[in-house]
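Structure, as structure tokens:
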Amino acid sequence: DTEVTQTPKHLVMGMTNKKSLKCEQHMGHRAMYWYKQKAKKPPELMFVYSYEKLSINESVPSRFSPECPNSSLLNLHLHALQPEDSALYLCASSQERGGNTGELFFGEGSRLTVL
Amino acid sequence: AQSVTQLDSQVPVFEEAPVELRCNYSSSVSVYLFWYVQYPNQGLQLLLKYLSGSTLVKGINGFEAEFNKSQTSFHLRKPSVHISDTAEYFCAVKRTSYDKVIFGPGTSLSVIP
């Protein structure tokens, strides 16, 4: 069983909708990540939070808005998405960005379809 | 800049046969190396990692990989595959603790009964 929990597993939304993806981990990890993955492709890094502060934004469009309310939770707020944003969104965590090997622990993902 | 190459995009193999998935990387400095597996409709899971020391690394589910510094390779092997090994396999590299993980394009392993 994965120790990183993502909800919902599936989400269908229109281009004018506002929705959120949620991620939770209870491993005491201090770094959390959002990745986007298209079919048959590797994950693409979107955002990194380290100690609840945004440390990396990979030039992601503003229609994606991350939030880290506390050390266990990570949200991704979605607004005015485009059909090409349809993908599997993966949350991951690691012990911390520095001082370790950076092994990533992934959730099972939220599959997003934008109509 | 770092990069990761996985030479085979698809590898079909019969059940109980051995398999090798190839990974090459480029980096001017020492790196950490990883193999992740992604089963259908799931997230990624770490199979094994090379940090330092012994070049032969054993992972979960009977997989192992060998780090070859001179050839900048980190090939993944399993002596006898099962149907349940059908999945996407990603090689990944990381230069330092603060660096981003760079994933290779992936190899789709299909085990044929």
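Assorted remarks:
- Taking every residue in the range B:42-59 that is closer than 27 Å to A:Gln37 by Cα and pairing it with any residue that is open to solvent by 60 Å² or more (accessible area, probe 1.4 Å) and basic (Lys, Arg), at least 6 positions away or on another chain, the pairs with Cβ-Cβ distances below 7 Å are B:Leu48/B:Lys58.
- Among the residues of the range A:13-22, those that are surrounded by 13 or more Cβ atoms within 10 Å (Cβ to Cβ), outside any loop (DSSP other than H, G, I, E, B) and either out of contact with any Cys (no Cβ under 8 Å at 6 or more places or on another chain) or within 11 Å of chain B (Cβ to nearest Cβ) (or both) comprise A:Met13, A:Lys19, A:Ser20, A:Lys22.
- Residues in the range A:23-37 that are assigned to a loop (DSSP other than H, G, I, E, B) and either within 11 Å of chain B (Cβ to nearest Cβ) or under 18 Å from A:Pro66 (Cα atoms) (or both): A:His29, A:Arg30.
- Taken residue by residue, the range B:44-53 has at least one member that is at pLDDT 90 or above and open to solvent by 50 Å² or more (accessible area, probe 1.4 Å).
- Qualifying positions in the range B:20-38 - in contact with an Asp or Glu (Cβ under 8 Å, 6 or more places away or on another chain) and not basic (Lys, Arg): B:Leu21, B:Phe34, B:Val37, B:Gln38
- Among the residues of the range B:21-43, those identified as among the polar types (S, T, N, Q), within 14 Å of chain A (Cβ to nearest Cβ) and surrounded by fewer than 16 Cβ atoms within 10 Å (Cβ to Cβ) are B:Ser30, B:Asn41.
- Unique match (being open to solvent by 50 Å² or more (accessible area, probe 1.4 Å) and more than 10 Å from the chain's Cα centre (by Cα)) among A:Ser72, A:Ser59, A:Ser86, A:Ser50: A:Ser59
- Restricting the first member to the range B:3-20 and to residues that are open to solvent by less than 60 Å² (accessible area, probe 1.4 Å), and the second to residues that are assigned to a loop (DSSP other than H, G, I, E, B), the beta-carbon pairs closer than 6 Å and six or more apart or on different chains are B:Val4/B:Gly104; B:Gln6/B:Cys23; B:Gln6/B:Gly104; B:Gln6/B:Pro105; B:Val13/B:Val81; B:Val19/B:Val81.
Per-residue answers, yes or no, for (1) in contact (Cβ under 8 Å) with a residue 12 or more places away in the chain; (2) within 10 Å of the chain's Cα centre (by Cα); (3) more than 9 Å from chain A (Cβ to nearest Cβ):
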position: B:Phe74; (1), (2), (3): yes, yes, yes
position: B:Val81; (1), (2), (3): yes, no, yes
position: B:Asp85; (1), (2), (3): yes, no, yes
position: B:Tyr89; (1), (2), (3): yes, yes, yes
position: B:Ala92; (1), (2), (3): yes, yes, no
position: B:Val101; (1), (2), (3): yes, no, no
position: B:Pro105; (1), (2), (3): yes, no, no
position: B:Ile112; (1), (2), (3): yes, no, yes
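- Scope the range B:69-112; condition at pLDDT below 95 and either open to solvent by 30 Å² or more (accessible area, probe 1.4 Å) or outside any strand (DSSP E or B) (or both); matching residues: B:Lys69, B:Ser70, B:Gln71, B:Thr72, B:Arg95, B:Thr96, B:Ser97, B:Tyr98, B:Asp99, B:Lys100, B:Val101, B:Ile102
- Qualifying residue in the range A:82-93 (condition: in contact with a His (Cβ under 8 Å, 6 or more places away or on another chain), more than 8 Å from chain B (Cβ to nearest Cβ) and under 26 Å from B:Ala92 (Cα atoms)): yes
The values are calculated or read from the model by the stated rules, or taken from the named source; none is laboratory data. These numbers come from a predicted model, not from an experiment. Neighbour counts run over all protein chains shown; Cβ positions are idealised from the backbone, glycine included. Quick note on the areas: whole protein, heavy atoms, side chains included, nothing else; ligands and nucleic acids left out. Shrake-Rupley method; radii C 1.70, N 1.55, O 1.52, S 1.80 Å.
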